[in-house]
Amino acid sequence: YGLSSTSSNGEKRGNEDGITFTFAVNNSIIRNNTFTGWGHAAINFYCTNSSYDGIYDNKIYKNTFTGTNNSYNRVIGMDGNEGKTYNNEFYFNLIKDHKVRSQINGNNNWVHHNIFDGQTTSPARYYGLDGSGQAIEMSVYGSQYVSHGNKIDNNLFINTTEAAIVLRS
């Protein structure tokens, strides 16, 4: 994944997402895997179209996520309209050496009992002092999205260059 996430001039390299949940995925389990070498997000949840059922009741647990050799990577990317990305659970995972904050929105999602170790600022995409060096940002990233009822608890955050958790918008 190159220096720009929107580049059309071929500077992207490597995989974009490890696993993408798009529009209508429910009751799925991702467990006991190792994710390394992705470029955008290891796990990406994306449901912004109200005509689909949504992404809900999925469990991501007991996985290892590493991004040592990548210049731009996050563990979780989560976008959703009201009632379209909800009740997903991310737990008992080891997250090591990632370069961009995990972004969580949607409603009633739960991130718990994970170890986030080695969150640093991306050399490919500098966000300033409120960006890539954070471990998790819970926020609304577009006017169509929501962020409420989400829980982040019982995680261990170590070696971050910015705040472990940021709540905004």
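The values are calculated or read from the model by the stated rules, or taken from the named source; none is laboratory data. Note that the coordinates shown come from a computational prediction; the quantities given were computed from them, not determined experimentally. Cβ sites come from the backbone with ideal geometry, for glycine too, and all protein chains shown count toward neighbours. Each accessible area value is taken on the protein alone, full model and side chains, heavy atoms only, with ligands, DNA and RNA left out. Shrake-Rupley method; radii C 1.70, N 1.55, O 1.52, S 1.80 Å.
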Selection from region 71-98 of residues farther than 25 Å from Ala24 by Cα, open to solvent by 30 Å² or more (accessible area, probe 1.4 Å) and part of a loop (DSSP other than H, G, I, E, B) yields Asp97
Among (1) within 21 Å of Gly133 (Cβ to Cβ); (2) modelled with pLDDT under 90, Lys96 falls short only on (2)
Counting only residues that are modelled with pLDDT under 80, assigned to a loop (DSSP other than H, G, I, E, B) and open to solvent by less than 30 Å² (accessible area, probe 1.4 Å), region 100-128 contains a total of 2
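So that you can scan it fast, the table gives a plain yes or no per residue for (1) at negative phi; (2) not charged (D, E, K, R):
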site	(1), (2)
Ala24	yes, yes
Asn32	no, yes
Asn49	yes, yes
Tyr61	yes, yes
Asn69	yes, yes
Tyr86	yes, yes
Phe90	yes, yes
Asn93	yes, yes
Arg101	yes, no
*Has region 32-51 got at least one residue that is over 19 Å from Arg101 (Cβ atoms), at pLDDT 90 or above and among the aliphatic types (A, V, I, L, M)?*
no
Filtering region 27-43 down to residues that are over 18 Å from Gln119 (Cβ atoms) and either among the small types (Gly, Ala, Ser) or surrounded by 14 or more Cβ atoms within 10 Å (Cβ to Cβ) (or both) yields Ser28, Ile30, Asn33
